[in-house]
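A short write-up of the structure that comes next.
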Amino acid sequence: MTALRFAERLRDVVGGAEILLSDIWGVVHNGLAAFPDACQALHNFRQQGGTVILITNAPRPADSVQRQLRKLEVADEIYDAIVSSGDLTRNFVADHPGQKMFWIGPERDSSIYRGLDPVLAPLEQADYIVCTGLFDDETESAENYRAMLLQARERRLTLVRAIALASERRGHAVELNRVLAIGDSVRTDLAGAQSFGIDCLFVTRGIHSEEFEGIDQLDPASVRELFGHPPRALMRELKW
């Protein structure tokens, strides 16, 4: 395993890729405003014939995510599609009509079921579980749900918490070595890319920014400690 240096430009590490699967929060915006350089980088990739798919774990349909992006001044022209865990969850519910669902999540996520009319039931009667978050993310933690989830495991209930990755480009299949993921989370973005069998460009300005403060290069031991299997490259922020 070799040391990892920070790349300065997306164009220096994107060679051979036909599709970019880019995380949104921490890569494209910070929840308050868009990152102009990141938006321009994705736009430039598309201008050169590439496909950009924005992926998010948001428990909302893609059209709702798009409305949020527009409010943050993220232009539609920087991406080809949005895939959200909300959409994949909706697909699962739609494919199981009549089955009873136990829902874990706050009321603000109810738009995920728009037009589906799911059959809600208590855990004891449910056929599967959908989790869109905690009931109250200000006072609760995962530990509050241990007994509930142990009960669900005893009943072998399916727990739906989808994370999306796509490998099709404009109507034809694309080899996985032609797909590059971009993300800022070791636990979700990097792990998801690795489990899918694709390389990842890791952006450090997101949730791990404090861990990378003042670091210009990672030695092999640090790479193993932070990542396990290393990403293709590191970037402080996405730039073309």
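The values are calculated or read from the model by the stated rules, or taken from the named source; none is laboratory data. Computed from a prediction, not measured in an experiment: that's the story for all the values here. So basically every Cβ, Gly included, is an ideal-geometry build from the backbone, and we count neighbours across all protein chains shown. Side chains are part of the model used for accessible areas, which takes the heavy atoms of the whole protein and leaves out ligands, DNA and RNA. Shrake-Rupley method; radii C 1.70, N 1.55, O 1.52, S 1.80 Å.
Things worth noting here:
- Counting heavy atoms of the protein chains alone, Ser85 has an accessible area of about 10 Å² for a 1.4 Å probe.
- Taking trypsin sites (Lys or Arg not before Pro) as exposed when DSSP calls them loop and at most 10 other C-beta atoms lie within 10 angstrom, the chain has its longest site-free stretch at 1-155.
- Dipole size of region 89-158 about its Cα centre, with +1 on Lys/Arg Cβ and -1 on Asp/Glu Cβ: approximately 320 debye, rounded to the nearest 20.
- For Cys131, the residues 5 or more places off, or on other chains, whose built amide H falls under 5 Å of its own are Ile104, Val160.
- Size of charge dipole - the chain - debye, nearest 20, with Cβ of Lys, Arg +1 and Asp, Glu -1, no other charges: 540 debye
- Size descriptor, Kirkwood hydrodynamic radius, that averages inverse alpha-carbon separations across the chain, Å: 19.3 Å
- Helical content of the chain, expressed as a calculated mean residue ellipticity at 222 nm, amounts to -6500 deg cm²/dmol (DSSP H runs of 4 or more residues, -39,500 (n - 2.57) each, divided by residue number, nearest 500).
- The Rg/Rh ratio for region 48-157, using Cα coordinates for both the radius of gyration and the Kirkwood hydrodynamic radius, is 1.05.
- Rolling a 1.4 Å probe over the heavy atoms of the protein chains gives the chain an accessible area of 54 Å² per residue.
- Contact order relative to length of the chain, as percent, for alpha carbon pairs under 8 angstrom and 6 or more apart: 29 percent
- Relative contact order [Cα under 8 Å, 6+ residues apart], region 120-163, whole percent: 57 percent
- Diffusion coefficient, µm² s⁻¹, Stokes-Einstein with Kirkwood Rh over alpha-carbon pairs of region 1-105 at 37 °C and 0.692 mPa s: 211 µm²/s
- Surface listing: His229, His29 arranged by accessible area from highest to lowest gives His229, His29, probe 1.4 Å.
- Toward the positive end of the charge dipole of region 95-153, with +1 on the Cβ of Lys and Arg and -1 on the Cβ of Asp and Glu, the farthest Cα among Leu116, Pro97, Thr132 is that of Pro97.
- Cα→Cβ-extended label distance, 7 Å offset, between Arg11 and Ala94, nm: 4.0 nm
- Virtual spin-label span in nm between Ile215 and Asn144, 7 Å along Cα→Cβ: 3.3 nm
- Global geometry of region 196-240, whether rounded, prolate or oblate, following the gyration tensor of its Cα atoms and the 1.5 cut on a/c: oblate
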